[in-house]
Each structure stands twice: as structure tokens, then as C-alpha cells.
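The values are calculated or read from the model by the stated rules, or taken from the named source; none is laboratory data. Keep in mind it's a predicted model, so treat the numbers as computed, not measured. Here the Cβ is made from the backbone with ideal geometry for all residues, glycine too, and neighbour counts use every protein chain on show.
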Amino acid sequence: MFSLHPQSSTPLVVQIVEGMRRLIEEGSLRAGAKVPSIRQFAQAHEVSVFTVVEAYDRLVAQGWLVSRPHSGFFVRRRATDVQRSSAAAAAGTGAAAFDAMWYLRKIFENRHLSMKPGCGWLPHGWLFEDGLKRSVRALAVGEVDLAGYGDPKGFVPLRQLIRDLLAEQEVAVQPEQVLLTHGSSQALDLAARRLVRPGDVVLVDDPGYANLLFSLRYLGAQLVGVPRTPTGWDLAALEALLAEHRPRVFFTQPRLHSPTGSVATLSQLHRVLQLAERHDLLIVENDLYADLDPDPRPSLAGLDQLARVVHIGSFSKTVSPNLRVGYLVADPELVEDLAQLKMIAGLTSSEFSERLVYGALTEGRWRKHLKSLRERLGQAHERVATRLDDLGFELFAEPKAGMFLWARHPDIADPALTANKATEQDILLGPGHLFSPGMLPSPWMRFNVAHCDDERLFAFLDAQRFAG
């Protein structure tokens, strides 16, 4: 299988975990394959049984192996195996190496990459660092009870502030309807675990929010994509899909959509709500980029007043992605259910982080920061759109706001392969198949305009036009 090196500074447990994971990723150990028993592995590699027990326990916990009583350990059939295989077969060897798991590891384990135009966060210097530092200082001199778990729904003053912020967007809620979460990702995960069962048909944007798609696949949902347009959705396709599949839930992102940057028009929002009413559909609206929008515009939650909409937001994108503070608002009964799920998973969210965010939002310079950030992103959009256009890229939409541009080039047939080449030059790209509900090949790429200020990126893209 693989060799262990007892003299290495890397613990044997870690060597076993990494070795097994590598064999599974490479396909040497396929889904369903039985791996050596604990005793067999220990004897073959001359290591302690206890070492192997700990390694196998970690592999089970991480989702690589499954333990079957009286049978042994087997390679777990992961939710993305089918999609990944079909994408690899269709897109060639590049897609096999550049799959969703690779992408997530590259982001979270390799933040030292010098260029990150494919990432989903703002650069350090664009965040509300000064406000956060002032909040830290204020919190340090105050009295904070760190002994308890805090309120299950989160820090009450922050929930009250969110109520007031949503009221400015004409969404009427009470603090009891606000559930604070570890960023929008946990809010989406809680909604998915409460509303989706294995085998359920779930509507999602196509292309869609990559983290959400990965989470839904893991839950065993059947993802059906609703095609995005520069002004929202293909409504005729949506109506046909509702009639054919009769789904219960539609996860969507109307405003400054990731990855396309598109914004749904008011008429589109109205029509989606009409279809939801007709087909008894619940909508989970991910509005995590609302603070980046320079234009006041309605949301599905504002038009619907949470009758059929679960609304999700976040401060992680604009204050600090490391703090992980988001929120979910919904019908009171559903919020109570989701609060129970949150407690089961992790008791409560971090009141310390929530207090830090609350302090940053209320210290008096938050709105000025948002205004400056929106202007900076608008300028970046103009600059990056011009550079991509000069290179011959087609832009899906030009929102002039938010973080993303969705673009393709007629001479770059395989963005997955291009993304593999880019990593060799310390560039993290966002190839389109990662945002596809079915992990299908795509000629599109996502560009985060805030991370496209290095001319080496455009030199690399220019060279790829002639590489094939």
C-alpha cells in the first residue's frame, strides 16, 4: 500500500491517515473496497495496534472510511464520487485532479498562494480591520462572562441590531426570529439538514454557490439546476422544473450571485414568489453579499415577509472571514427547529465573536467603511472587466458591484486544466465545473475582482490562449 517512516518527524498516525487518503483520492482504493483490518495493518507495517486504531478512527471521522460491525473497514462511497467521475470523464485528466475536494483543500490549506483570483473572500486590507481592533480593545476592558455557553440563538444585542438593519430593507422581524450562526455556511447547512432528506429533489442555481452544492450532495440530495441569466433566472425553465419535479425547496442567491455576479430584477423576484405560491415551494435566500450592494433593492424576504422565504446573511465577508458570524431569519417555528439543530451540532455559537462583530458594527464607522468598500469594488470591476475584455474574454454580466465576474474565452476550452497549470505559478483559479450542480465541464471561470490586481495573472491568462 504505502510505506511508513518511523524516524520521520511526522507522527505515524498522521502518516497512515495521509497515506490512506492519498490512495483513495488516486483511485487505488475505490469506493466500497475493504481495507486491511487493524491487526493486519499493524502486523504488516510493524506498528502498534493502538496507532492503527487511532488512524482508522480519524479516517472514519473525516469521512474516508466506514466501519461495519463484524465486517471491517471499507472505503466510504462519498456523495461526490458519481459527479466527480462523470466530470473527469467528460473534461479529461485536468478535471480528475481539480475536483471540489481539491479546491477546498487548496483554499483552506494553502492560503499562502500569492494570487487568489478564484477565492471567495476579500483581501486583508479591504476588511474592517480598524473597527475590529477598536471592538477588541473595548471588549478587553469590559466585563464578559466567558463561563457559560451563551444564548442558543446568539448574542441578543446583535440580533436586535440585525432586526433594525433588516427593517431598513423592509424586512420585518423580531429578535426571536434571528438565529446567529457560524457564518452563512452554517446557516445554509442548518437549513439543508432541516429541509432536505436523502433522495429529495432540490432546486439550486446553475451555476451555483459551490459550498452549498457540496453540502447538499453530501446530504444525498438530487440537485436540479435552474439556469441563471444576467438578470436573474430562466423563468420558463424554472416553471417547467417545478411542474416536472415538484421540489419542496429552492436554494438561491438573487443578489450579486456567486459565481456570476448577476442580480435578479424586481419583476423576476415577483414572478419567483408567484411560482413558489403556486407550487408550494419554500425558498432559501442566501443574501450574504447584501452589504456589498451600492444600490438599495428589494429581497425575496422583503417582498414575501418570510411567508415562504428563509433569509440568510453574513458579516464574515465584510468584517472578517475568520470570525464566522452570520444569521438566518425565518418563520418563528422554523427558527426554533433550527436553533435545536444548532445546539445539537455545537451547543451555541461563539458569543465572544458575536460581541466583537457587534462592537465593530456599532462603533460609528461601519457605514463609512461599507461606502468605501463598495466604491473600491466598483473601481476593481471596471479595471478587471476591461483587462478581461482586452484579452478576448466574454463576460456573463457586468454588475459593477460585489466581488465576482464570470467569464469565458473561446480559446481556453478546459478551465479545469488551466486551473491546474495556474497552481504551478501560485495562482488559484475558479474553474466553472466547481459551480455546476452536476460537476459538468464548463468553459466559464469565476474571477474575484478584489484579487485581480497582479499583472502576472493576466500574463498567465494571455499565454493560455495559445497553449492549446
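Can you tell me which residue within the range 187-219, out of those that are closer than 22 Å to residue 316 by Cα and among the hydroxyl-bearing types (Ser, Thr, Tyr), is nearest to the chain's Cα centre (by Cα)?
In this case the residue turns out to be 209.
Are any of the residues in the range 333-347 at positive phi and not in a helix (DSSP H, G or I)? First the steps, then the outcome.
If we filter the range 333-347 for residues that are at positive phi, which is where we start, we get 347.
This time we only want the ones that are not in a helix (DSSP H, G or I), so: 347.
Yes - at least one qualifying residue is present in the range 333-347.
For a quick check of your reading of the model, give me the residue pairs whose first member lies in the range 298-324 and is farther than 18 Å from residue 190 by Cα, whose second is of a type in the set (Gly, Ala, Ser) and buried (at least 19 other Cβ atoms within 10 Å of the Cβ), with beta-carbon atoms closer than 7 Å and at least 6 apart or on different chains.
Going by the 7 Å Cβ cut-off, the qualifying pairs are 319/360; 323/316; 323/353.
Among the residues of the range 278-297, how many are within 17 Å of residue 377 (Cβ to Cβ) and in contact (Cβ under 8 Å) with a residue 40 or more places away in the chain? Spell out the reasoning first.
Start the filter on the range 278-297 by keeping residues that are within 17 Å of residue 377 (Cβ to Cβ), which leaves 287-297.
Checking the rest, the ones that are also in contact (Cβ under 8 Å) with a residue 40 or more places away in the chain come to 288-297.
Adding up the residues that qualify gives 10.
So which of 389, 411, 453 ends up being in a helix (DSSP H, G or I) and either touching a Leu at 6+ places or on another chain (Cβ under 7 Å) or surrounded by fewer than 20 Cβ atoms within 10 Å (Cβ to Cβ) (or both)? Step through it out loud before you land on a result.
Working: 411 fails: in a helix (DSSP H, G or I); 453 fails: in a helix (DSSP H, G or I).
Only one candidate qualifies: 389.
All but one of (1) at pLDDT 95 or above; (2) touching a Lys or Arg at 6+ places or on another chain (Cβ under 8 Å) hold for residue 203; which doesn't?
Against the list (1) at pLDDT 95 or above; (2) touching a Lys or Arg at 6+ places or on another chain (Cβ under 8 Å), residue 203 comes up short only on (2).
What about residue 14, is it within 17 Å of residue 73 (Cα to Cα), out of contact with any strand residue (DSSP E or B) (no Cβ under 6 Å at 6 or more places or on another chain), in a helix (DSSP H, G or I) and modelled with pLDDT under 90? Break it down stepwise before answering.
Details: within 17 Å of residue 73 (Cα to Cα): no; out of contact with any strand residue (DSSP E or B) (no Cβ under 6 Å at 6 or more places or on another chain): yes; in a helix (DSSP H, G or I): yes; modelled with pLDDT under 90: yes.
Considered against the rule, which asks whether it is within 17 Å of residue 73 (Cα to Cα), out of contact with any strand residue (DSSP E or B) (no Cβ under 6 Å at 6 or more places or on another chain), in a helix (DSSP H, G or I) and modelled with pLDDT under 90, residue 14 comes out as no.
Determine whether residue 350 is closer than 21 Å to residue 210 by Cα, in the same structural domain as residue 158 (by TED's automatic domain parsing), surrounded by fewer than 23 Cβ atoms within 10 Å (Cβ to Cβ) and not basic (Lys, Arg).
On the way: closer than 21 Å to residue 210 by Cα: no; in the same structural domain as residue 158 (by TED's automatic domain parsing): yes; surrounded by fewer than 23 Cβ atoms within 10 Å (Cβ to Cβ): yes; not basic (Lys, Arg): yes.
Criteria not met by residue 350.
Go through the range 197-237 residue by residue and tally those that are aliphatic (A, V, I, L, M) and without any contact (Cβ under 8 Å) to a residue 24 or more places away in the chain.
Step one: list which residues in the range 197-237 are aliphatic (A, V, I, L, M), which gives 201-204, 210, 212-213, 216, 219, 221, 223-224, 226, 235-237.
With without any contact (Cβ under 8 Å) to a residue 24 or more places away in the chain added as a condition, the list becomes 236-237.
Qualifying residue count for the region: 2.
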